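Encoded as structure tokens, the structure appears first; notes follow it.
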Amino acid sequence: MLNFELYNPTNLVFGKGQIAKLKTLVPQDAKILLLYGGGSIFKNGVYDQVAAALEGFDITEFGGVEPNPHFETLMKAVEVIREKNLNFILAVGGGSVIDGAKFVSAAVKFDGDPIDILQKQIRIVDNVVPFGTVLTLPATGSEMNSGSVITIQRTHEKLSFGGRALFPLFSVCDPEVITSLPKRQLQNGVIDAYTHVMEQYLTYPAGAMLQDRFAESILQTLVEVGPSVVDNPDDYTLAANFMWSCTMALNGLIQKGVPTDWVTHMIGHELTALYDIDHARTLAIIGPNLYKVMFDTKKEKLAQYGRRVWNIQGDSTEEVAKQAIDATIRFFDTMGMKMQLSAYTTEYAKTADFIEKRFNERGWVAMGERKNITPDKVRAIVEMSY
Ligand code: NZQ
Ligand code: ZN
């Protein structure tokens, strides 16, 4: 097991009717920027619950944060906070709104051009506007981690950043909010969380027995509830297990003491930036092909995953590992994922060239748990995804 520090200060408030607790969770002297997305919160009753809980507070609303939130839009929210001297942000939405709140939180007092936070990947360790969240879409884990992913429209870049000052002060997670989610977003949530676990688990054996069991149990739970929850989001037990699995998949716990490989996400972000494909769907396109191209590096853990999550029998590591990839593809298919880039765009021919070049320019030349995912391997993975 590798050395680690575990730090997570977010107060996670989980369950039915918990939005009402906002009145005690928000600091009493808060002058609040209420950040939200395209307006789903007005149709599903979440806004009404938030407004009722925060009656009497000084609230300025800022809507229009896009899926894959734009730097350009968020800078307008930064201006509002500066002009009105607000001192708290409440994000009400999915991963995009929460990630947007993290960027705004970091940018308001940033000494320099806030675009550098993204392009120079500056770690944010202090000087932030505190924020809390009301989660409306289980998927990203952003409600309980300190990472964020923002799109710069002008340059078509989707870049991540983070830092220990960017954990939400609190996150309210009421599983009942998922009843209004379209099936596509529910499917996305399951696959995003599943891939988060895979990126922290499917590396090489590191003697982290408990972390492996944590990871496998999240995968098993997602396999158990995923296909049903997308058709029955009003089943509270399914919704609660889905939501908690998504949070646990990326709140830092399972990555402690183990190597990680975030290349499926790194390539996926390029596909979203280029073709506007939903985040989770890019992961389904890339993940299985990355496991194939990096098979020799990952086969021990692939076989462990196959045996423990999919109950695949057999003595041959290679054979069980291959069947584990096939089982993953079948699961993604059950969850409504299309796994070829050609299902989303006809203009894919230069994608591998573009991404290989961009990774080289950024100096992303030695990635993955063994630092052996080079831009030419990235090219092979992307070409296999056409
Ligand atoms: O904008 P509104 O109107 O709210 O509609 C949203 C949006 O259109 C809708 N929605 C959300 N909750 C709803 C709802 N519709 C009905 N009922 C509800 N209860 O769903 C659509 C998608 O929302 P979005 O927030 O974009 O989805 P998601 O939560 O999947 O977030 C995706 C973003 O998170 C980033 C992704 O890259 C992407 O930008 N990620 C953030 C991570 C992190 N911070 O740790 C990790 C992830 O790997 C991921 O990269
Ligand atoms: Zn993700």
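For the stretch 167-181, the condition holds for at least one residue, the condition being that it is surrounded by fewer than 19 Cβ atoms within 10 Å (Cβ to Cβ), more than 14 Å from ligand 1 (Cβ to nearest atom) and not assigned by TED's automatic domain parsing to the domain that holds residue 289. When the residues of the stretch 207-232 are filtered to those that are touching a residue at least 60 places away in the same chain (Cβ under 8 Å) and of a type in the set (Val, Ile, Thr), the one that is most open to solvent (accessible area, probe 1.4 Å) is 223. When the residues of the stretch 240-298 are filtered to those that are within 23 Å of residue 225 (Cβ to Cβ) and in a loop (DSSP other than H, G, I, E, B), which remaining residue is nearest to ligand 2 (Cβ to nearest atom)? Of everything passing the filter in the stretch 240-298, 250 is nearest to ligand 2 (Cβ to nearest atom).
Residue count for the stretch 305-321, restricted to those that are part of a helix (DSSP H, G or I) and either surrounded by fewer than 20 Cβ atoms within 10 Å (Cβ to Cβ) or within 16 Å of ligand 2 (Cβ to nearest atom) (or both): 6. If you go through the stretch 1-31 and keep only what is loosely packed, with under 12 Cβ neighbours inside 10 Å and β-branched (Val, Ile, Thr), you end up with just 24. One residue alone among 193, 206, 240 is touching a Cys at 6+ places or on another chain (Cβ under 8 Å), of a type in the set (A, V, I, L, M, F, W, C) and at pLDDT 95 or above, and that residue is 193. Applying the set (1) open to solvent by 10 Å² or more (accessible area, probe 1.4 Å); (2) under 30 Å from residue 24 (Cβ atoms) to residue 115 leaves exactly one unmet item: (2).
Of the residues screened, residue 260 is one that is within 22 Å of residue 161 (Cα to Cα), away from ligand 1 (no atom under 11 Å from the Cβ), open to solvent by 30 Å² or more (accessible area, probe 1.4 Å) and not charged (D, E, K, R). Out of the residues in the stretch 165-197 meeting the condition of being of a type in the set (D, E, K, R) and assigned to a helix (DSSP H, G or I), tell me which one is nearest to ligand 2 (Cβ to nearest atom). Only one residue fits best here, namely 192. Of all residues in the stretch 364-377, those that are within 14 Å of residue 354 (Cα to Cα) have Cβ atoms under 6 Å from Cβ atoms of residues that are assigned to a helix (DSSP H, G or I) and open to solvent by less than 50 Å² (accessible area, probe 1.4 Å), 6 or more apart or on another chain, in 375/356; 375/359; 377/293. Looking at the structure I just gave you, is residue 200 within 12 Å of ligand 2 (Cβ to nearest atom) and closer than 29 Å to residue 257 by Cβ? It is true that residue 200 is within 12 Å of ligand 2 (Cβ to nearest atom) and closer than 29 Å to residue 257 by Cβ.
Filtering the stretch 331-386 to residues that are buried (at least 17 other Cβ atoms within 10 Å of the Cβ), over 24 Å from the mean Cα position of the chain (by Cα) and small (Gly, Ala, Ser) leaves only 380.
The criterion of at least 3 residues that are modelled with pLDDT of 95 or more and within 15 Å of ligand 2 (Cβ to nearest atom) is met, among helices (runs of 4 or more DSSP H) falling completely within the stretch 65-161, by 95-107. Which is among the aliphatic types (A, V, I, L, M) and within 22 Å of the chain's Cα centre (by Cα), of 22, 2, 33, 6? Unique residue meeting the criteria: 6.
The values are calculated or read from the model by the stated rules, or taken from the named source; none is laboratory data. Just so we're clear, the structure is a prediction, and the values are computed from it rather than from any experiment. Neighbour counts run over all protein chains shown; Cβ positions are idealised from the backbone, glycine included. Side chains included, ligands, DNA and RNA excluded: accessible areas come from the protein's heavy atoms. Shrake-Rupley method; radii C 1.70, N 1.55, O 1.52, S 1.80 Å.
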